[in-house]
Amino acid sequence: MTEQSLGRRLIRDVAAELGISYYHCYRERAAICRRIARWVCDAEQVPTFQYIADIDEFQFLVDRTMWHAVYGNRTNAFRKCDELVKLAPSPRHKVEALCTGALIALHFADLKRAQDNNSVARRLCQENLPMDPPIAWQVALARADVAGAAVAHHLRDTSEAIRLARSASVRLAPIVTNAAAHVRELYADSLNKLAGELWNFGDREEAYNVFLDAEASLGYVAATMVSASTSVMIQLWRVRNRLLMSSKTWYPCSQRIRGLQTAFEQAHGSGTPIQALEALLGLTETYAFAGNGAQALHLGHLAIAIAEQQASDWVQARTLVAVSHRLLRTPYWKRGLPLYSKAKQLGVKEAVYRADLASLAAEHAVRLGSFRDAWRLATAEDQGHDHSEIRFRKDLAAATAAHGLGWKREALAKTEMLIANAERAGSAPILKDAYELAAALTGDSRFARQATALSDLLTA
């Protein structure tokens, strides 16, 4: 119990250390738990009325509503959201209920419902906020900021998402140490969202530092809150899979894989399928970058299997696009073509997803040798701010298409711009591809050597 539960070690590792099978280890742990439970029951009990007041009944309802979003269907989840708003005992609780409803609406790609919930929550804050807001109201305001940042993300308004996520983390920082468990979890989530939006904007140095702050904030989060801790660690290890050109951010491939495997095991074992899915996508990407196409294909199919169990079309479509994109770096890239078609058929309209889908179409066209289509898709004017990864991929597709069409001037211009931007961002996978293209365009062996060095970093 000390090694596995309190030490937060994997049960397989504990079993190996004890020299027993992990099935036997499970049985022994169950027996120990029963003995502890009997001892607790036999000990002098504190009367119920002495501790029942510490239970936050409304937060319990919030957690149950979120559970229905993950495990239930769209109609039932929205019905539970409406019930939660009606049950809210005060304007502050109503704000938290509306923010929960906004996040659940985004899970089902219902942007209008999310915007409406967020607008009502903001209005309630303006109408009911005390002159000197107590801690409970500061938490409600932070929750509104986090929900607003999520809505801005889905609208591709990265600057607004950064502003709101930063506002939430600043509100919570002074109170998090002695706050309730759900407040500490919200603080970690706000930092994680801020780091992700900074990454999307292209400010990768600050993004990495905020990811480290989010990791440090997990010290405030109870070990039982697996969703918060795994979300942060998945993001951090996926970022480290790209930032390989600095001693501060470089980790060997084996450690990056182990970090994501641990996150997957924790998420899957605790019944949080969305985090388990994100960990699998991170592992698929890592193996694809490292040149292990067979393992990337296997994990990609497992991710799709988990996504298909979710009631959200957005989760399914996003997973199909993510796996298809990762397979482009493997010999199995043709297996990704039907995934792209299936994702299109789901008809999800969410803005970031549509931009990702358009980028994937351009990359598929390059792979199929349809260079004119690839150029058209990669250079098409698009409203909204593309996330940095999407922007890099579209620029690479455009440069490769120009090279395929024999447009050397356009290809060189696009490649030079891409190399400059990717070097500034420190994105090793994109930079490797850009160096390989530059070597093909110019015949300069320096680019080929740089591409080989980056390939070694991705697999080391």
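Values quoted throughout were computed directly from the atomic coordinates according to the rules given, and no laboratory measurement underlies them. What you see is a predicted model; the values in this text were computed from it and never measured. Cβ atoms come from the backbone with ideal geometry, glycine included; neighbour counts cover every protein chain shown.
Within the shell defined by Cβ-Cβ distances under 11 Å, the residues around residue 194 carry a net charge of -3, with Lys and Arg each +1 and Asp and Glu each -1. Partner lysines whose Cα lies under 21 Å from the Cα of residue 80, excluding those fewer than 8 positions away in the same chain, are identified as 94, 112. Our helix-only sum for the chain, with -39,500 (n - 2.57) per DSSP H run of n ≥ 4 divided by its residues, gives a mean residue ellipticity at 222 nm of -24500 deg cm²/dmol.
Across the options 282, 306, 269, the greatest Cα extent toward the positive end of the charge dipole of the stretch 247-348 (unit charges at beta carbon of Lys, Arg, Asp, Glu) belongs to 282. One Cα centroid belongs to the stretch 256-321, the other to the stretch 223-254; the line between them spans 15 Å.
Relative to the longest principal axis of the Cα atoms of the chain, helix 408-425 runs at roughly 30 degrees.
Put in line by how crowded their Cβ is, counting other Cβ atoms within 10 Å and starting with the fewest, 342, 86 read 86, 342. Backbone phi angles across the stretch 173-182, fed through the Karplus curve with coefficients 6.51, -1.76 and 1.60 (θ = phi - 60°), yield HN-Hα couplings of 3, x, 10, 5, 4, 10, 7, 5, 4, 5 Hz in residue order; Gly and Pro are listed as x. Other residues lying with their Cβ under 12 Å from the Cβ of residue 109 contribute a combined charge of +3, Lys and Arg counting +1, Asp and Glu -1. Using Cα atoms only, what is the angle between the long axis of helix 91-107 and the major principal axis of the chain, expressed in degrees (0 to 90) to the nearest 10? That works out to roughly 40 degrees.
Taking Cβ atoms as reference points and 14 Å as the exclusive limit, the residues near residue 123 contribute a net charge of +1, counting Lys and Arg as +1 and Asp and Glu as -1.
Sorting 208, 26, 353 from the fewest to the most surrounding beta carbons within 10 angstrom yields 26, 353, 208. Against the chain, whose longest principal axis comes from its Cα atoms, helix 204-217 is set at around 20 degrees.
Only Cα pairs under 8 Å and 6+ residues apart enter the sum, and on that basis the relative contact order of the chain stands at 10 percent. Couplings 3J(HN,Hα) of the stretch 70-86, computed from phi: 7, 9, x, 8, 4, 4, 5, 4, 5, 5, 5, 5, 4, 5, 4, 5, 5 Hz, in residue order, whole Hz [Karplus 6.51 cos²θ - 1.76 cosθ + 1.60, θ = phi - 60°; x for Gly and Pro].
Neighbour counts of other Cβ atoms within 10 Å put 60, 289, 201 in the fewest-to-most order 60, 201, 289.
Note: relative contact order over the stretch 358-460, using C-alpha pairs below 8 Å and six or more positions apart, is 20 percent.
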